[in-house]
Amino acid sequence: MPTPFTFINAAMSIDGKISTRQRRQVRISGDVDFERMDELRASSDAVMVGIGTVLADDPSLTVKSDERRAKRLAKGLDENPVRIVVDSKARIPTNADIFRKGAGKIIIAVSESAAFDRVESLRKKAMVIMAGGNQVDLPELLSILDEMGIHRLMVEGGAGLNWGLVKNGLVDEIYSFIGNLIIGGGTAPTLIDGEGFDEANMPTCSLISAEKMEGGVLLKWKLKNA
Ligand SMILES: NC(=O)C1=CN([C@@H]2O[C@H](COP(=O)(O)OP(=O)(O)OC[C@H]3O[C@@H](n4cnc5c(N)ncnc54)[C@H](O)[C@@H]3O)[C@@H](O)[C@H]2O)C=CC1
Ligand SMILES: Nc1nc(O)c(N)c(N[C@@H]2O[C@H](COP(=O)(O)O)[C@@H](O)[C@H]2O)n1
């Protein structure tokens, strides 16, 4: 089944953490990296995050630049890409910023384990896609998205969703900005968490580019099996 071209974009510390041990957001990127991220959002059909990121950071996932939103409108697109939250148990608060800020389509992907009344209240706010039994079935979700015309998918974390996608071989490229700080903490989320790969199954990548940026470095990787 075809799936979209899917890339993860994230910012991490020197030691590979993407937030603090309390899951508090850290400003790792500088203005240049935030502009690059905004351009990636504007050029994508959809932007996806996990429910952990929504509960921790309450992102709006909107395109921030007026000019980029205007360019999308001029092309006949919505001003924001489709915003997608992977939320097996339909835990997203109905007053989350994603519902309150920015125009455009919103998709909440849930599983059969989500409570019926939660799903019904979300249907008033967004399109709901049900895929999977206990957890969202990511291969099924991505093939549904592809059928819907979403062919370029930007994933903005967090650590658990990144793992689920990489584990299932659904990621084509990973872009990570490594900022010049150390967060530390054995329980702080890293770029990819989950249970981890056995040595025999670890995916390998080829380096697309390495660029010095704002005291840090932007690495772009292509997954070899993609
Ligand atoms: N520095 C950066 O670039 C970014 C940092 N973050 C940070 O990441 C942290 C959130 O990461 P996590 O807690 O790991 O949450 P997450 O955003 O990765 O969401 C994980 C949740 O997604 C749901 N899910 C449903 N189906 C799944 C599947 N098949 N596979 C995996 N997950 C599935 C599960 O409920 C799971 O707990 C926050 O602290 C946030 O600040 C998030 C985005 C970007
Ligand atoms: N790329 C990047 N750099 C950082 O330094 C960050 N702290 C984050 N965090 C993620 O950015 C998203 C913010 O979205 P909105 O501005 O609310 O649209 C959110 O997903 C954070 O986790 N990213």
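Each reported figure results from applying straightforward, stated rules to the coordinates on display, with no laboratory input. What you see is a predicted model; the values in this text were computed from it and never measured. Backbone-built Cβ (ideal geometry, glycine too); neighbour counts: all protein chains shown.
Less than 9 Å Cβ to Cβ from Glu173, Lys/Arg counted +1 and Asp/Glu -1: what total charge do the surrounding residues give?
+1
Between segment 4-22 and segment 42-116, what's the alpha-carbon centroid distance in Å?
When both Cα centres are located, 18 Å separates them.
Once you keep just the Cα pairs under 8 angstrom separated by 6 or more residues, what percentage relative contact order results for segment 5-223?
31 percent
Would you mind ranking Thr94, Thr62 by Cβ crowding within 10 Å, fewest neighbours first?
Thr94, Thr62
Extension gain Glu112-Lys212, at 0.36 nm per residue separation less the Cα-Cα distance, in nm?
31.5 nm
Let me make sure I get this right: for segment 28-75, a, b and c are the square roots of the gyration tensor eigenvalues over alpha carbons, sorted descending. Under 1.5 in a/c it's rounded, otherwise prolate if a/b > b/c, else oblate. Which is it?
Oblate, since a/c reaches 1.5 and b/c is not below a/b.
Is the C-alpha gyration tensor of the chain telling us rounded, prolate or oblate? Criteria: a/c under 1.5 is rounded; beyond that, a/b larger than b/c is prolate, otherwise oblate.
Taking the square roots of the gyration eigenvalues as a ≥ b ≥ c, the chain is rounded.
In nm, to one decimal, how far is the Glu147 label point from the Asn201 one, both placed 7 Å along Cα→Cβ?
Those two pseudo-labels are separated by 2.7 nm.
If I stretch the segment between Lys71 and Glu173 completely, what's the gain in nm (0.36 nm per residue apart, minus their alpha carbon distance), one decimal?
34.2 nm is the gain from fully extending Lys71 to Glu173.
As an exercise, identify the GluC sites (Glu not before Pro) in segment 74-170 lying in DSSP coil whose Cβ has no more than 16 other Cβ atoms within 10 Å.
Passing both the DSSP loop test and the Cβ count: Glu112.
Divide by every residue of the chain the summed helix terms, -39500 (n - 2.57) for each DSSP H run of at least 4, and state the resulting mean residue ellipticity at 222 nm, rounded to the nearest 500 deg cm²/dmol.
That comes out to -7000 deg cm²/dmol.
Please go through segment 85-149 and write out the trypsin sites (Lys or Arg not before Pro) that DSSP classes as loop and that have at most 12 other C-beta atoms within 10 Å.
Lys124
Using the crude model of +1 on Lys and Arg Cβ and -1 on Asp and Glu Cβ, and no other charge, please compute the dipole size for the chain relative to its Cα centre, in debye to 20.
The dipole magnitude comes to about 540 debye.
Specify whether the C-alpha gyration tensor of segment 1-130 places it in the rounded, prolate or oblate class, a ≥ b ≥ c being the square roots of the eigenvalues: rounded for a/c under 1.5, otherwise prolate if a/b is larger than b/c and oblate if not.
Because a/c hits 1.5 or more and a/b fails to exceed b/c, segment 1-130 counts as oblate.
What is the sum of charges, Lys and Arg at +1 and Asp and Glu at -1, for the other residues whose Cβ falls under 11 Å from the Cβ of Ser65?
0
All other residues with a Cβ under 15 Å from the Cβ of Ser88 taken together, and with Lys, Arg as +1 and Asp, Glu as -1, what is their net charge?
Result for the local shell: -1.
What aspartates and glutamates does Lys222 reach when the alpha-carbon gap must be under 13 Å and sequence neighbours fewer than 8 apart in one chain are set aside?
Asp172, Glu173
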